[in-house]
Amino acid sequence: MSTQATGTIAVFGATGQQGGAVVDALLDRNATVRALVRDPQSDRARALADRGVELAAVRTDDPTSLSTALTAITAFYFMTPEANSLEEVETEIRIGTALVDAAVAARVPHVVFNSVFGADQESGVPHHDSKRTIEERLKRSGLRATMVRPTPFMEVMAPRLEHGEIVLSLPLPEDVAVKMISIRDIGRVAAALLLGLADAPSGAVELVGDELTGPQIAAAFGAHVRLPARYQPLPLSVLSNDLDRAMFRQFAKMSEHPSDLAAVRAIEPATLYLEEWIRSTAWTAPAQVADS
Ligand SMILES: NC(=O)c1ccc[n+]([C@@H]2O[C@H](COP(=O)([O-])OP(=O)(O)OC[C@H]3O[C@@H](n4cnc5c(N)ncnc54)[C@H](OP(=O)(O)O)[C@@H]3O)[C@@H](O)[C@H]2O)c1
């Protein structure tokens, strides 16, 4: 990879999946990375330090810790933690707001916010509308900001092996084309934007690497392991969480707005299609489900 002469890039969420992929992609390009972490002694934080990442201890309820951690940087990436209840949605908004305000206080030159696909519109999905709220605050902040809006992760497409057959079950009708992206590519696109190697002229980019129906997803996994495959649509009632039900109701409308698969590849040409992701991870069928 090429060497980039940039200043320090700050990353919030570096010990997690998406922030971790951002760090991987930045380090691949020899960037200097500062991770904002809750606990610098955690195993994951120490693993980052071992790879040359600078650690800044922060508390999201301590604005000074945040703005101090964001001083003298060229760009800042942040995501917001998973919310599984309305209370956690409030926490998510609080964390996102604190991070935007700290970036303003530290006069950060460029902020990349890891939002979610569809956040340009009110969705009725609490943990998507929370990201829209944070986007709005960022837009009003006067900071230069780019929104990256990931679609569902390829990593969550998890078929099982049942009587010698690959079976994928999702609470979605079989004719819905599901948008998806690999976590690796979320990191690569965000890193390219943070390093100024690419630009999103509209200020936002939907992160989508592939768009396939349930039967097509099942078939891609089946073809890889040379087994028959089928898709099993499930009713929304299998979901125990109101937020997830709202999200899958929204997912069912995904096909109404087909994605521009070329847009993300204009930033990261090697963005993986699902078939490539399956191959690149050397996916193997999970152990056969035992008969009950
Ligand atoms: N699953 C999907 O398909 C999908 C698709 C699009 C968007 N999303 C969104 O992606 C987000 C989750 O991203 P992820 O999977 O990358 O997260 P993750 O792996 O769960 O990591 C969460 C990160 O946030 C940090 N963190 C959590 N609470 C914190 C706090 N109070 N103060 C400081 N740091 C805190 C954690 O640090 P510690 O090491 O301190 O714990 C960790 O680095 C959610 O907002 C979700 O809605 C998910």
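Could you tell me whether Ala219 is free of Cβ contacts under 8 Å to residues at least 24 places away in the same chain and under 22 Å from Gln288 (Cα atoms)? Please lay out each step first, then the result.
Numbers: free of Cβ contacts under 8 Å to residues at least 24 places away in the same chain: yes; under 22 Å from Gln288 (Cα atoms): yes.
So Ala219 passes the test.
Tell me, please, whether a residue that is exposed (fewer than 13 other Cβ atoms within 10 Å of the Cβ), among the acidic types (Asp, Glu) and assigned to a helix (DSSP H, G or I) can be found in the stretch 273-284.
no
Restricting attention to the stretch 1-34, which residues are over 23 Å from Val100 (Cα atoms), open to solvent by 60 Å² or more (accessible area, probe 1.4 Å) and modelled with pLDDT of 95 or more?
Those that are over 23 Å from Val100 (Cα atoms), open to solvent by 60 Å² or more (accessible area, probe 1.4 Å) and modelled with pLDDT of 95 or more: Asp24, Asp28, Asn30.
Inspect all residues belonging to the stretch 196-206 and state whether any of them is within 13 Å of the ligand (Cβ to nearest atom) and touching a strand residue (DSSP E or B) at 6+ places or on another chain (Cβ under 7 Å).
Let us first name the residues in the stretch 196-206 that are within 13 Å of the ligand (Cβ to nearest atom), namely 206.
Applying the additional criterion that residues be touching a strand residue (DSSP E or B) at 6+ places or on another chain (Cβ under 7 Å) yields 206.
Yes, the conditions are met somewhere in the stretch 196-206.
Report yes if Ala72 is surrounded by fewer than 24 Cβ atoms within 10 Å (Cβ to Cβ), of a type in the set (Gly, Ala, Ser) and either assigned to a helix (DSSP H, G or I) or in contact with a Leu (Cβ under 8 Å, 6 or more places away or on another chain) (or both), otherwise no. Please lay out each step first, then the result.
Numbers: surrounded by fewer than 24 Cβ atoms within 10 Å (Cβ to Cβ): yes; of a type in the set (Gly, Ala, Ser): yes; either assigned to a helix (DSSP H, G or I) or in contact with a Leu (Cβ under 8 Å, 6 or more places away or on another chain) (or both): no.
It is false that Ala72 is surrounded by fewer than 24 Cβ atoms within 10 Å (Cβ to Cβ), of a type in the set (Gly, Ala, Ser) and either assigned to a helix (DSSP H, G or I) or in contact with a Leu (Cβ under 8 Å, 6 or more places away or on another chain) (or both).
Here is a yes/no grid of residues against (1) surrounded by 21 or more Cβ atoms within 10 Å (Cβ to Cβ); (2) within 16 Å of the ligand (Cβ to nearest atom); (3) not charged (D, E, K, R):
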{"site": "Ala105", "(1), (2), (3)": "no, no, yes"}
{"site": "Val111", "(1), (2), (3)": "yes, no, yes"}
{"site": "Thr133", "(1), (2), (3)": "no, yes, yes"}
{"site": "Ser141", "(1), (2), (3)": "no, no, yes"}
{"site": "Arg144", "(1), (2), (3)": "no, no, no"}
{"site": "Pro150", "(1), (2), (3)": "yes, yes, yes"}
{"site": "His163", "(1), (2), (3)": "no, no, yes"}
{"site": "Val176", "(1), (2), (3)": "no, yes, yes"}
{"site": "Val189", "(1), (2), (3)": "yes, yes, yes"}
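For residues that are open to solvent by 50 Å² or more (accessible area, probe 1.4 Å), within 30 Å of Ala282 (Cα to Cα) and among the polar types (S, T, N, Q), scanning just the stretch 213-254, find the one that is nearest to the chain's Cα centre (by Cα).
Gln216
What number of residues within the stretch 66-87 satisfy the criterion of being more than 15 Å from Val108 (Cβ to Cβ) and more than 10 Å from the ligand (Cβ to nearest atom)?
Keep residues of the stretch 66-87 that are more than 15 Å from Val108 (Cβ to Cβ), which gives 79-87.
The next check asks that each one be more than 10 Å from the ligand (Cβ to nearest atom); those that pass are 85-87.
Here the count works out to 3.
Quick check on my filter: what residues within the stretch 189-240 are basic (Lys, Arg) and over 23 Å from Ala177 (Cβ atoms)? Give the steps one after another, and end with the answer.
Filtering the stretch 189-240 for residues basic (Lys, Arg) gives 226, 230.
Listed by number, the list holds a single entry, Arg226.
Take the residues in the stretch 256-272 that are open to solvent by 30 Å² or more (accessible area, probe 1.4 Å) and in a helix (DSSP H, G or I); name whichever of them is nearest to Val208 (Cα to Cα). Quick ask: steps written out before the conclusion?
Looking only at the stretch 256-272, we keep the residues that are open to solvent by 30 Å² or more (accessible area, probe 1.4 Å), and these are 256-258, 260-263, 265-266, 269-270.
With in a helix (DSSP H, G or I) added as a condition, the list becomes 256, 261-263, 265-266.
On the way: Glu256: 15, Leu261: 6, Ala262: 9, Ala263: 9, Arg265: 9, Ala266: 12 Å.
Per the criteria, the residue is Leu261.
Just give me the residues in the stretch 5-33 being more than 25 Å from Met154 (Cβ to Cβ) and within 14 Å of the ligand (Cβ to nearest atom), in sequence order.
Result: Ala10, single match.
Working only within the stretch 35-52, note down all residues that are within 14 Å of the ligand (Cβ to nearest atom) and surrounded by fewer than 21 Cβ atoms within 10 Å (Cβ to Cβ). Full working, then the answer.
Just the residues of the stretch 35-52 that are within 14 Å of the ligand (Cβ to nearest atom), to begin with: 35-49.
Scanning the stretch 35-52 gives Arg38, Asp39, Pro40, Gln41, Ser42, Asp43, Arg44, Ala45, Arg46, Ala47, Ala49.
The values are calculated or read from the model by the stated rules, or taken from the named source; none is laboratory data. Computed from a prediction, not measured in an experiment: that's the story for all the values here. A quick note on method: Cβ atoms are made from the backbone with ideal geometry, for glycine too, and the neighbour counts reach across all protein chains shown. The accessibility values were calculated without ligands, DNA or RNA, using every heavy atom of the protein model including side chains. Shrake-Rupley method; radii C 1.70, N 1.55, O 1.52, S 1.80 Å.
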